[in-house]
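First up is the structure itself, then whatever we jot down about it.
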Amino acid sequence: MTAAPSAWLNALPKVELHLHLEGSLEPELMFTLAKRNGLSLPYDSVEALRSAYQFGSLQDFLDLYYQGAEVLRTEADFHDLTMAYLQRCHAQNVMHVEPFFDPQTHTDRGIAFPVIINGICSGLTEGFERYGISSHLILCFLRHLDEAVAFETLAQAEPYLDRLVAVGLDSSEHGHPPEKFSRVFAKAREMGLRTVAHAGEEGPPEYIWTAIKDLQVSRVDHGVQATEDESLLAYLAETQIPLTVCPLSNTRLCVYDRMQDHPILRLLDQGLCVTVNSDDPAYFGGYMTENFQALADALKMTAEQAIALSDHAITASFACEQRKHQMRERLNAVSLPTST
Ligand code: HPA
Ligand code: ZN
C-alpha cells in the first residue's frame, strides 16, 4: 500500500488536541510584537532566531519558548497570536481545536490574567465566525512551579470558568510527577473542569499511571513512554484513554532520533486511541499537515491509518456529540487517494 500523499493529507479533515498557543508564535510575529511593544529581541533577524531552534532536550526548548513568550503583552497580542494559529488551521482543514495556554508564563511577568484570556477568547470567537473552527480552551499549570501558585492561578480562572473546558499540566517533566498537583486537579474537577496532563514525554511510564489514577485525566498528552510498560499498553488499549501524540515535537526534542523510530503507528495498530498533534509548531517545524506528512514519509502511513488517527481525535475531543457527529460526517465523506 502506498503512503498517503500530501495534498490529500492537507485536505483531510483534522482535529488538534495538543497545541500550546505560545508555541505557535512564529518568529515573524515575534518580531512584529516586539516592535509594537517597544522591546528588543536578542536576535538580529527572523533567520537568526529560527536557526537557534536546535534542541537537545525538552528543557533546551522550554528556555527559548519562555523567552519568546515575553513579547506577548496586550490583549491584542494574545488575540493576534490565536488568530495566526487559526489561519494556519483553516489552511490545513482543521475543524476543531483544543489549545493550551500557560497563564503563569505571563502573570509572573505582570500581565493580568483577564488580558490573556480575553485576548485568546476573542481570537477563538473570531476564528469560529470567520472559519467555522470550533474550539475549547485548556488552562495549563507549569509543573516546575509549586502547588500553591497553581492554586492561585486556578482562583484567578474562577470568573472565567465558562471559557475553559479543562486544566492541563506542562513544562519540565523530570522531577515533577503529576501527583504533585493531585489536590489542585481535584479542586479543578470539583469546579466542573476536565483534566489532561503531559506525561511520558521524557518522563517514565509511572507518570502516565499517576496522571490517570491521581489526576483522573480524560487524555494523556504525549504518553509515548507507555511503550516501556506492557501492562500500561494493555490498560490504554482496554480503556481507550487517548494519547495526544506529537511526532515532530518528539524528534525535535530528541525523544526519538529518527521519525522511523516513532511508535505511533504501532500503537494505532495495537488498538490504542492515538491522535496526531503539533505541540509547538513554530518551534518544531510544522503544523498538523506537516506532522501527518512526516508519518507518511518516514513510516509509510497509509490513507486508512491517517483517517483512523483523525477519527480518534474526534472521539478524544471535548466537543459535544452533535459537533462530533458533524465532524465524523466530514471525515466519512473523504475518498481514498487514487494510487500514485
Ligand atoms: N512539553 C512540556 N511542556 C511544554 C511543551 C512540551 O512539549 N510545550 C510547551 N510546554
Ligand atoms: Zn505539549
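The values are calculated or read from the model by the stated rules, or taken from the named source; none is laboratory data. Keep in mind that this is a model prediction, so the values were computed, not measured. Backbone-built Cβ (ideal geometry, glycine too); neighbour counts: all protein chains shown. These area figures cover heavy atoms from the full protein model, side chains too; ligands, DNA and RNA do not enter into them. Shrake-Rupley method; radii C 1.70, N 1.55, O 1.52, S 1.80 Å.
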Restricting attention to the range 239-246, does a residue exist that is buried (at least 17 other Cβ atoms within 10 Å of the Cβ), within 16 Å of ligand 1 (Cβ to nearest atom), in a loop (DSSP other than H, G, I, E, B) and among the aliphatic types (A, V, I, L, M)? no
Kindly indicate whether LEU331 is of a type outside the set (Gly, Ala, Ser) and not in a loop (DSSP other than H, G, I, E, B). yes
The residue that is farthest from HIS20 (Cα to Cα), considering only those in the range 48-92 that are out of contact with any helix residue (DSSP H, G or I) (no Cβ under 7 Å at 6 or more places or on another chain) and of a type in the set (Ser, Thr, Tyr), is SER51
Does GLU22 satisfy being within 16 Å of ligand 2 (Cβ to nearest atom), of a type outside the set (Lys, Arg) and open to solvent by less than 30 Å² (accessible area, probe 1.4 Å)? yes
Out of all the residues in the range 84-108, which are within 16 Å of ligand 1 (Cβ to nearest atom) and open to solvent by 50 Å² or more (accessible area, probe 1.4 Å)? ASP108
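Going through the range 162-173 one residue at a time, which ones are under 20 Å from the mean Cα position of the chain (by Cα) and more than 15 Å from ligand 2 (Cβ to nearest atom)?
Of everything in the range 162-173, those that are under 20 Å from the mean Cα position of the chain (by Cα) and more than 15 Å from ligand 2 (Cβ to nearest atom) turn out to be ARG163, LEU164, VAL165.
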Residue that is nearest to ligand 2 (Cβ to nearest atom) [pool: residues in the range 202-236 that are open to solvent by 10 Å² or more (accessible area, probe 1.4 Å) and in contact (Cβ under 8 Å) with a residue 60 or more places away in the chain]: GLU202
Among the residues of the range 43-63 satisfying the criterion of being within 11 Å of ligand 1 (Cβ to nearest atom) and in a helix (DSSP H, G or I), which is surrounded by the fewest Cβ atoms within 10 Å (Cβ to Cβ)? GLN59
Which of the residues that make up the range 13-38 are assigned to a loop (DSSP other than H, G, I, E, B) and either in contact with a helix residue (DSSP H, G or I) (Cβ under 6 Å, 6 or more places away or on another chain) or within 16 Å of ligand 1 (Cβ to nearest atom) (or both)? PRO13, LEU17, HIS18, LEU25, GLU26
LEU336 over 30 Å from GLY68 (Cα atoms) and surrounded by 19 or more Cβ atoms within 10 Å (Cβ to Cβ): no
Of the numbered conditions (1) within 16 Å of ligand 2 (Cβ to nearest atom); (2) touching a Pro at 6+ places or on another chain (Cβ under 8 Å), PRO5 satisfies every one except a single condition; which is it? (1)
First in the range 265-280 and over 17 Å from VAL15 (Cα atoms), second anywhere and open to solvent by less than 10 Å² (accessible area, probe 1.4 Å) and β-branched (Val, Ile, Thr), Cβ under 6 Å, 6 or more apart: LEU267/VAL274
